[in-house]
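One structure is given here, and the rest of the page talks about it.
The values are calculated or read from the model by the stated rules, or taken from the named source; none is laboratory data. Note that the structure is a prediction, hence the values are computed from the model and not measured. Cβ: placed from backbone, ideal geometry, glycine included. Neighbour counts: every protein chain shown.
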Amino acid sequence: MKKCFAYIIGLLLLASCSEGKSPLYLDASAPIEKRVEDLLSRMTLEEKILQLNQYTVGRNDNINNIGELAEKIPAEIGSLICFLESPEDRNKIQRYIVENSRLGIPCLFGFDVIHGFRTICPIPLAQAASWDPELALRGAQVAAREAYDVGIDWTFSPMVDVARDPRWGRVMEGYGEDTYLASRFSEATVRGYQGPSIESLSEPGTIAACLKHYVGYGASEAGRDYVPTEISSQTLWDTYLPPFEAGIKAGAQTVMSAFNNISGTPASANRYTMTTVLKEMWNHDGFIVSDWDAVLQLKNQGMAADDKDATALAFNAGLEMDMVDDLYRKHLPELIKEGRVSMEQVDESVRRVLRVKFRLGLFEKPYTDEKPASERILLPEYKQAALDMARESIVLLKNDDNALPVSTASRVALIGPFADSAEDMLGNWAGRGRAEDVVTYLDGLRAVYPSLTYVQDIKAVQAASTHDVTILCLGQKRSWSGENTSRSDIRIPDIQQSLLREVSKAAHQRGHKLVVVLTNGRPLDLSDVEPYADAIVEAWHLGVMAGPALADVISGAESPSGRLTMTFPRSVGQIPIYYNRRSSGRRGTQGIYKDDMPITPLYEFGHGLSYATFEYSDITLDGLTATVTVKNTSSVDAKEVIQWYVQDPASVITRPVKELRHFEKRMIKAGESETFTFEIDPLRDLGFVDSFGHKYVDPGEYVLSVRGCEKSARLIL
Ligand code: GLC
């Protein structure tokens with residue numbers, strides 16, 4: 001019955017077209033809102049509901065989400081997670097959908113393009129360590145162009161979850177522990193994917209962004225994935241929501257609801273966050289997609305009695321699209337009949353999905369150009385962007401007696417499990433990245449140190465006694481961070497620890513140097529590494545250009561300019577430990593650990609050494625303009641990161657002991673000085689937010705400080 005009714009509508013539609021008039025929704029010159037309304041008015045209930053569903057196409061390689069593949073893809077499906085690698089295969093599916101559905105609504109192809117599609121850049125936690133959002137923007141532009149050219153319209157990125165527990169494996173996907181820095185990278189990455197405005201979304205090479213995981217997923221208790229989170233309204237507003245607000249302001253078209261339970265109300269059925277905050281307070285006019293099976297999981301989370309109940313709870317909370325568990329298709333019709341879901345809400349949800357499709361230009365250009373791979377992946381400019389970012393993501397944690405840089409005349413030995421590992425340079429969530437695309441540490445270093453000795457076996461220890469410098473590559477495999485990879489122990493494996501001790505002894509007996517290079521996706525407990533190494537280089541998972549980037553830093557062609565955006569604890573027992581904590585009521589010997597573990601971290605937020613030395617002037621304040629002059633007192637050109645912190649020592653809602661509120665990275669030539677200015681906007685830079693999301697400025701005294709500058713400045717409002 002329904003089918004023939006649909007075909008009657010189809011015939012009427014054709015009749016109207018037969019007068020030579022194309023339906024308004026296909027008129028590219030018409031305003032998008034009119035096209036949306038016209039199309040919506042022509043859709044049947046079944047067609048509307050299928051627009052709110054997302055299935056998968058292609059071989060799903062996410063080991064945490066292996067589910068049954070959709071047997072048959074309905075031509076009216078709203079979106080597909082696209083595991084295909086060629087534009088031809090993707091276009092074949094799109095053509096089937098456009099040509100076999102009554103209204104020819106194109107499908108939205110989504111995929112996890114987290115730090116590159118095929119040209120893999122450093123993991124986001126490494127990108128953040130560059131303290132240069134422009135590099136992240138460029139990386140996102142490269143990712144968007146590669147993904148667009150294979151037919152991906154939408155990426156499930158950036159992940160902007162503030163995270164303060166390195167036991168949680170997904171810290172590799174985000175930007176670390178600081179809300180302000182995560183917000184700057186959120187907006188930069190959104191603009192990299194989508195372009196500077198909504199209008200640029202329909203241009204070639206741009207794709208829709210998706211802010212995730214909304215919200216508070218990084219607070220997963222004990223660092224275990226998928227578990228509940230306890231987040232007060234105050235902390236929700238002052239810590240976890242701002243990076244999403246920044247991304248929305250940058251135009252992010254979509255948001256992904258999270259797996260975590262937010263203090264009793266799961267994120268994927270949380271009306272306050274998904275409707276009150278996102279739609280009513282922030283006026284977001286795109287849509288929310290659930291995380292994988294997150295609607296279905298409302299039962300496990302103890303909220304839904306059954307699948308139908310889960311559907312009603314999620315949909316009525318404001319979750320527009322259901323990722324792969326198929327509950328919306330199965331249960332919305334009945335829920336509408338029973339009056340538990342309104343047609344107005346269905347229409348509004350479909351409106352939001354169609355709006356994004358129209359903005360992307362999918363109706364005008366449903367098929368991507370089928371360029372040969374040589375014209376669309378791993379292009380030189382893409383690899384250059386990956387190299388530039390990798391160079392600046394490297395953090396020099398320790399450098400005793402200037403062990404680094406290493407002269408090209410030195411006898412260098414390279415050893416350790418990651419020295420020639422291509423796979424592990426990619427990191428987790430590496431899109432369609434391949435090990436074959438990677439320049440390993442060995443390849444990169446050999447280009448600079450042709451006589452380098454690479455030793456893989458037990459002779460590694462002996463090599464340390466016969467070479468001036470040994471570079472020992474240790475860390476964690478790419479599979480040890482990412483989704484569902486929580487670890488209760490964040491040290492390097494024992495076998496690496498013993499190798500380190502042997503090599504250190506052999507090197508230092510002969511007065512030789514030992515440089516440890518770390519490959520990892522989370523902060524590590526390096527308490528047992530630090531004493532054995534003269535220098536420690538944090539190299540994260542740097543992507544396809546890992547080798548050349550490391551070689552540039554080791555040789556001194558590039559002075560390391562990365563700074564940590566997540567605290568490295570002395571022990572997992574100190575967690576949670578992060579710099580912008582609230583102040584304690586007790587000081588001195590009260591509130592510390594009694595087993596002589598200091599309460600300070602091994603390496604704090606903002607830490608990172610340079611080959612240059614910098615001298616900071618006092619901070620001067622002229623009204624609301626703060627300046628500091630920094631002199632490079634060395635003979636080495638180097639980039640420095642100026643980090644401005646604000647303290648509000650007395651506030652009705654107590655503030656963190658200090659908060660990053662402005663930063664700038666700039667090259668300072670050897671012997672020269674640069675002046676850095678922070679134009680303070682009281683509400684933006686000194687203001688705070690209350691538990692209702694209201695921003696305010698507290699009159700009174702503020703203390704301004706700059707990392708590396710002993711003096712601070714007092715500002716009275
Ligand atoms: C995963 C992740 C999410 C990802 C989605 C689709 O479970 O939580 O980040 O975008 O499923 O792969």
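Could you tell me whether Asp528 is more than 16 Å from the ligand (Cβ to nearest atom), within 14 Å of Leu602 (Cα to Cα) and surrounded by fewer than 24 Cβ atoms within 10 Å (Cβ to Cβ)? Give the steps one after another, and end with the answer.
Details: more than 16 Å from the ligand (Cβ to nearest atom): yes; within 14 Å of Leu602 (Cα to Cα): yes; surrounded by fewer than 24 Cβ atoms within 10 Å (Cβ to Cβ): yes.
Yes, satisfied.
Applying the selection to the range 472-514, what residues are in contact with a helix residue (DSSP H, G or I) (Cβ under 7 Å, 6 or more places away or on another chain), β-branched (Val, Ile, Thr) and away from the ligand (no atom under 16 Å from the Cβ)?
Within the range 472-514, Ile490, Val503 meet the criteria.
Of the residues Glu392, Glu381, which single one is surrounded by fewer than 22 Cβ atoms within 10 Å (Cβ to Cβ) and either at pLDDT 95 or above or in contact with a Gly (Cβ under 6 Å, 6 or more places away or on another chain) (or both)? Give the derivation first.
Working: Glu392 fails: surrounded by fewer than 22 Cβ atoms within 10 Å (Cβ to Cβ).
None of the others qualify; the one that does is Glu381.
Report, by residue number, each residue of the range 170-184 that is more than 16 Å from the ligand (Cβ to nearest atom) and over 9 Å from Thr565 (Cβ atoms).
Once the filter is applied, which keeps residues that are more than 16 Å from the ligand (Cβ to nearest atom) and over 9 Å from Thr565 (Cβ atoms), the range 170-184 yields Thr179, Tyr180, Ser183, Arg184.
Applying the selection to the range 594-605, what residues are surrounded by 12 or more Cβ atoms within 10 Å (Cβ to Cβ) and part of a loop (DSSP other than H, G, I, E, B)? Steps first, answer last, please.
Within the range 594-605, the first condition is being surrounded by 12 or more Cβ atoms within 10 Å (Cβ to Cβ), and the residues that meet it are 597, 600-605.
Met597, Thr600, Pro601, Leu602, Glu604, Phe605, listed by residue number.
What helices (runs of 4 or more DSSP H) completely inside the range 293-381 contain at least 2 residues that are over 30 Å from Ser197 (Cβ atoms) and in contact (Cβ under 8 Å) with a residue 40 or more places away in the chain? If you could, list the steps in order and put the result at the bottom.
Values: elements: 307-317, 327-337, 343-359.
So the answer is 307-317, 327-337.
Can you find a residue in the range 127-139 that is more than 12 Å from Gly431 (Cβ to Cβ), in contact (Cβ under 8 Å) with a residue 12 or more places away in the chain and of a type in the set (Lys, Arg)?
The answer is yes; a qualifying residue exists.
Out of all the residues in the range 572-599, which are touching a helix residue (DSSP H, G or I) at 6+ places or on another chain (Cβ under 9 Å) and among the hydroxyl-bearing types (Ser, Thr, Tyr)?
Tyr593
So which residues in the range 196-212 are assigned to a loop (DSSP other than H, G, I, E, B) and away from the ligand (no atom under 16 Å from the Cβ), if there are any at all?
So the first thing to find is which residues in the range 196-212 are assigned to a loop (DSSP other than H, G, I, E, B), and the list is 196-197, 203-207, 209.
Those that are assigned to a loop (DSSP other than H, G, I, E, B) and away from the ligand (no atom under 16 Å from the Cβ): Pro196, Ser197, Glu203, Pro204, Gly205, Thr206.
Output the number of the condition that Phe259 fails; it satisfies all remaining conditions of (1) under 28 Å from Thr44 (Cβ atoms); (2) assigned to a loop (DSSP other than H, G, I, E, B).
Only one criterion is unmet by Phe259, namely (1).
Considering (1) in a helix (DSSP H, G or I); (2) within 23 Å of Ala373 (Cα to Cα); (3) in contact with a Lys or Arg (Cβ under 7 Å, 6 or more places away or on another chain), say which one Glu88 fails and leave the rest.
Of (1) in a helix (DSSP H, G or I); (2) within 23 Å of Ala373 (Cα to Cα); (3) in contact with a Lys or Arg (Cβ under 7 Å, 6 or more places away or on another chain), only one is false for Glu88: (3).
Residues that are modelled with pLDDT under 95: list the helices (runs of 4 or more DSSP H) wholly contained in the range 399-500 that include at least 3 such residues.
By residue number, 459-466.
In the list Arg35, Arg95, which residue meets the criterion of being farther than 26 Å from Asp347 by Cβ and in a helix (DSSP H, G or I)?
On the way: Arg35 fails: farther than 26 Å from Asp347 by Cβ.
After ruling out the rest, the residue left standing is Arg95.
All but one of (1) surrounded by 13 or more Cβ atoms within 10 Å (Cβ to Cβ); (2) touching a strand residue (DSSP E or B) at 6+ places or on another chain (Cβ under 9 Å); (3) farther than 30 Å from Gly556 by Cα hold for Glu679, so report the exception by its number.
Among (1) surrounded by 13 or more Cβ atoms within 10 Å (Cβ to Cβ); (2) touching a strand residue (DSSP E or B) at 6+ places or on another chain (Cβ under 9 Å); (3) farther than 30 Å from Gly556 by Cα, the lone unmet condition for Glu679 is (1).
Looking only at the range 120-143, which residues are within 16 Å of the ligand (Cβ to nearest atom) and either farther than 23 Å from Asp525 by Cα or part of a helix (DSSP H, G or I) (or both)?
The first filter runs over the range 120-143 and keeps only residues within 16 Å of the ligand (Cβ to nearest atom), leaving 123-125, 140, 143.
Across the range 120-143, the qualifying residues are Pro124, Leu125, Ala140, Ala143.
Which one is nearest to the ligand (Cβ to nearest atom) among residues in the range 260-299 that are surrounded by fewer than 24 Cβ atoms within 10 Å (Cβ to Cβ) and of a type in the set (Phe, Trp, Tyr)?
Taking the candidates together, the pick is Trp292.
Tell me, please, whether a residue that is in a loop (DSSP other than H, G, I, E, B), of a type outside the set (A, V, I, L, M, F, W, C), modelled with pLDDT under 95 and more than 26 Å from Met545 (Cβ to Cβ) can be found in the range 69-83. It would help to see each step written out before you state the result.
Going through the range 69-83, the residues in a loop (DSSP other than H, G, I, E, B) turn out to be 69-78, 83.
Cutting the leftovers down to of a type outside the set (A, V, I, L, M, F, W, C) gives us 71-72, 74, 76, 78.
Next, only the ones that are modelled with pLDDT under 95 stay: 71-72.
Filter once more, keeping what is more than 26 Å from Met545 (Cβ to Cβ): 71-72.
The answer is yes; a qualifying residue exists.
Exactly one condition in (1) assigned to a helix (DSSP H, G or I); (2) loosely packed, with under 15 Cβ neighbours inside 10 Å; (3) touching a residue at least 24 places away in the same chain (Cβ under 8 Å) is false for Ala28; which is it?
(1)
Within the range 77-100, does at least one residue satisfy the condition of being touching a Leu at 6+ places or on another chain (Cβ under 7 Å) and under 30 Å from Met425 (Cβ atoms)?
So far as the range 77-100 goes, yes, one or more of its residues are touching a Leu at 6+ places or on another chain (Cβ under 7 Å) and under 30 Å from Met425 (Cβ atoms).
Among the candidates Ser610, Ser583, Ser561, which residue alone is surrounded by fewer than 18 Cβ atoms within 10 Å (Cβ to Cβ) and touching a residue at least 60 places away in the same chain (Cβ under 8 Å)?
Values: Ser610 fails: surrounded by fewer than 18 Cβ atoms within 10 Å (Cβ to Cβ); Ser561 fails: surrounded by fewer than 18 Cβ atoms within 10 Å (Cβ to Cβ).
After applying the criteria, what remains is Ser583.
Among the numbered criteria (1) surrounded by 21 or more Cβ atoms within 10 Å (Cβ to Cβ); (2) not in a loop (DSSP other than H, G, I, E, B), which single criterion is violated by Gly573?
(1)
Could you pull out every one of the strands (runs of 3 or more DSSP E) wholly within the range 631-706 that has 3 or more residues that are on the phi < 0 side of the Ramachandran plot and in contact (Cβ under 8 Å) with a residue 60 or more places away in the chain?
Working: elements: 638-647, 659-668, 673-679, 701-706.
Qualifying strands (runs of 3 or more DSSP E): 638-647, 659-668, 701-706.
Could you please let me know if Lys3 is in a helix (DSSP H, G or I), charged (D, E, K, R) and at pLDDT below 95?
On the way: in a helix (DSSP H, G or I): yes; charged (D, E, K, R): yes; at pLDDT below 95: yes.
For Lys3, the condition - in a helix (DSSP H, G or I), charged (D, E, K, R) and at pLDDT below 95 - is met.
Looking at the range 400-413, is at least one residue surrounded by fewer than 16 Cβ atoms within 10 Å (Cβ to Cβ), free of Cβ contacts under 8 Å to residues at least 24 places away in the same chain and closer than 16 Å to Ala143 by Cα?
No, the range 400-413 contains no residue that is surrounded by fewer than 16 Cβ atoms within 10 Å (Cβ to Cβ), free of Cβ contacts under 8 Å to residues at least 24 places away in the same chain and closer than 16 Å to Ala143 by Cα.
Quick check on the range 89-119: of everything there that is charged (D, E, K, R) and more than 29 Å from the chain's Cα centre (by Cα), which residue is farthest from the ligand (Cβ to nearest atom)?
Just the residues of the range 89-119 that are charged (D, E, K, R), to begin with: 89-90, 92, 95, 99, 102, 112, 118.
Among the residues that remain, those that are also more than 29 Å from the chain's Cα centre (by Cα) are: 92, 95, 99, 102.
On the way: Lys92: 22, Arg95: 24, Glu99: 28, Arg102: 29 Å.
Across the range 89-119, the extreme among qualifying residues is Arg102.
Could you tell me which residue of the range 152-169 is nearest to the ligand (Cβ to nearest atom), considering only residues that are charged (D, E, K, R) and more than 30 Å from Glu88 (Cα to Cα)?
Taking the range 152-169 and keeping what is charged (D, E, K, R), we get 153, 161, 164-165, 167.
Next cut, more than 30 Å from Glu88 (Cα to Cα) only: 161, 164-165, 167.
Working: Asp161: 10, Arg164: 19, Asp165: 17, Arg167: 17 Å.
Among those residues, the one meeting the criterion is Asp161.
For the range 217-243, which residues satisfy the criterion of being within 14 Å of the ligand (Cβ to nearest atom) and of a type in the set (Gly, Ala, Ser)?
Of everything in the range 217-243, those that are within 14 Å of the ligand (Cβ to nearest atom) and of a type in the set (Gly, Ala, Ser) turn out to be Gly218, Ser220.
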